Amino acid sequence: MKTGMLKISPGFEEIMPPEYRELVDNGPYGKNYGINDLGSYKELLEEHPLCAGCGLALSLRLTLASLPMPEDTVIVGSTGCSALAFPQVALHNIHSLFGNQNAVASGLKRALKLRFPDKEKDVVVIAGDGATADIGLDMVMQSWLRREKITTIMLDNEAYANTGGQESGMSMQGAVLNMAPTGKKFPKLSLPEIAQTCGCAYVAAASPAKPKQLAKVVRRAILVAREIGPTYVQLYSPCPTNYKFNPKETVSLIKQREKEGLYQSKEYISQEAKAFLESMEVKK
Amino acid sequence: MYLSVRVDTEKCIGCKICITSCPEPNVFIFLPEQKLVEVNESRCKACGLCTTVCAKEALKIG
Ligand SMILES: Cc1ncc(C[n+]2csc(CCOP(=O)(O)OP(=O)(O)O)c2C)c(N)n1
Ligand code: SF4
Ligand code: SF4
């Protein structure tokens, strides 16, 4: 750990909770850990209340483990399942009003630039599909059109899960949910295409069924947002509770869907971003 | 009595696939010397997801 980044005031060591002490002694700050190191350090996330087998929890965990610079990252979330886990995340994070996350993140990024002109500060939005593709779409698109240097990560569970299972713009056509009993009438929105059209320098779709790929795209998206412009990552994160499948099938379901051509991983990199990433990845 | 996943140390080869497939943080601990994983049982929700990805069938819920 970088000296002094996280420390316990002398005399308080004994009374701090063991999870906190563990984070101080064995946390990931300043260490350049990635998903390959999981299992050998204290993760940024503690026990969370999300359902057993939750695909979104898995995506969140892998995303947090892929942050290039957790000590200088602020994540902005929105109401939804992921927000339930945010209090257990050992990172600066903001809970915004449902759908406002990209507006909050844009302001925050600009403020951090003014406050710390010589320092890199990554601002990463992590929100559900309802918050990103439906109610927040206006703010999401405006942040892209205005070229705000932030990364937007959608945890796509294809439903409003936290409110009991309504269809969202990201549900597949025909999807039957608790509160959409006759099935969705419209096709799934293609947000990666919209992101590309709105000027995102880097756009990717991935899933936790391929953790290394997920880690790579998250890292690339954050690096490109730091230097070039807005970036977007969509993580397909199936929900066993609302889609009523066995929690142990979360990963096999993604693979099955990929086989059937109903889910595809994607990556779009602008010319400028490509040149930048090449220079970064050679340096490494 | 809570359920948790258990590791058969005879079968585990330490490939770490289970570690990146578990939705819960800080459950699996990797033991580099033995090339094995260990489970923090109090953190496992027994969803069984890791049992479906382990090619060595080294994990069981019990
Ligand atoms: C302004 C506002 N409108 C509606 C809600 C109710 N609400 C809370 S969570 C949620 C669903 C979130 O869905 P999504 O963004 O897809 O996240 P998920 O729960 O699926 O992870 C809604 C509609 C709210 N909290 N605030
Ligand atoms: S996936 Fe199976 S073999 Fe690989 S580390 Fe986990 S328990 Fe061991
Ligand atoms: S059963 Fe579920 S919670 Fe327990 S270790 Fe396996 S994947 Fe993690």
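The values are calculated or read from the model by the stated rules, or taken from the named source; none is laboratory data. In this text, all values refer to a predicted model and were calculated from it rather than measured experimentally. Ideal geometry is used to build each Cβ from the backbone, glycine not excepted, and the neighbour counts take in all protein chains shown. Remember, those area values only see protein heavy atoms, side chains included, never the ligands or the DNA or RNA. Shrake-Rupley method; radii C 1.70, N 1.55, O 1.52, S 1.80 Å.
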Compute the helix-to-body angle for A:250-259: its Cα long axis versus the longest principal axis of chain A, expressed 0 to 90° and rounded to tens. 60
Mean separation of Cα pairs under 8 Å and 6+ residues apart, divided by the residue count of region B:12-62: what relative contact order is that in percent? 38
Work out the charge dipole of chain A with +1 on the Cβ of Lys and Arg and -1 on the Cβ of Asp and Glu about the Cα centre, then indicate which of A:201, A:239, A:35 is farthest towards its positive end. A:201
State log₁₀ I(q)/I(0) for the protein assembly as shown at q = 0.11 Å⁻¹ as given by the Debye formula over alpha-carbon point scatterers of equal weight, solvent excluded. -0.72
Take the cross-link list A:216/A:266; A:212/B:11; A:109/A:266; A:212/A:266 and give me the ones stretching past 18 Å between alpha-carbons. A:212/B:11; A:109/A:266
Relative contact order for region A:138-265 using alpha-carbon pairs under 8 Å, separation at least 6, rounded to a whole percent? 29
Top mean-square fluctuation among A:181, A:28, A:247, Gaussian network model of chain A, C-alpha springs under 10 Å? A:181
Shape verdict for region A:15-168, please, from the Cα gyration tensor: rounded (a/c under 1.5), prolate (a/b greater than b/c) or oblate. oblate
Tell me, what is the percent relative contact order of chain A, built from C-alpha pairs under 8 Å that lie six or more residues apart? 17
For peptide A:30-37, how many partner chain Cβ atoms fall within 10 Å of a residue's Cβ, on average? 1
Rounded to the nearest 500, what is the 222 nm mean residue ellipticity of chain B from helices alone, with -39500 (n - 2.57) per DSSP H run of 4+ residues and division by all residues? -1500 deg cm²/dmol
Please work through chain B and write down the cysteines that have no neighbouring cysteine Cβ at a distance under 4.7 Å. B:12, B:15, B:22, B:44, B:47, B:54
Would you give the gap between the C-alpha center of region A:1-73 and the C-alpha center of region A:200-274, rounded to a whole Å? 22
Mean other chain Cβ within 10 Å across A:10-20 is 0
Expressed in square angstrom to the nearest 10, the accessible area of residue A:152 with a 1.4 Å probe stands at 0
So what's the back-of-envelope 222 nm ellipticity for chain A, counting only DSSP H runs of four-plus at -39500 (n - 2.57) apiece and dividing by all residues, rounded to 500? -10500 deg cm²/dmol
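Assigning unit charges at the beta carbon (Lys, Arg +1; Asp, Glu -1) and nothing else, what dipole magnitude in debye, to the nearest 20, does the protein assembly as shown show about its Cα centre?
Here the protein assembly as shown has a charge dipole of around 660 debye.
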Which value in Å does the Kirkwood hydrodynamic radius of region A:178-284 take, with 1/r averaged over all unlike C-alpha pairs and then inverted? 15.5
Share of Cα-Cα pairs in chain B lying beyond 19 Å, as whole percent: 16
Helix A:101-115 axis, angle to chain A major axis (alpha carbon atoms, nearest 10°): 20
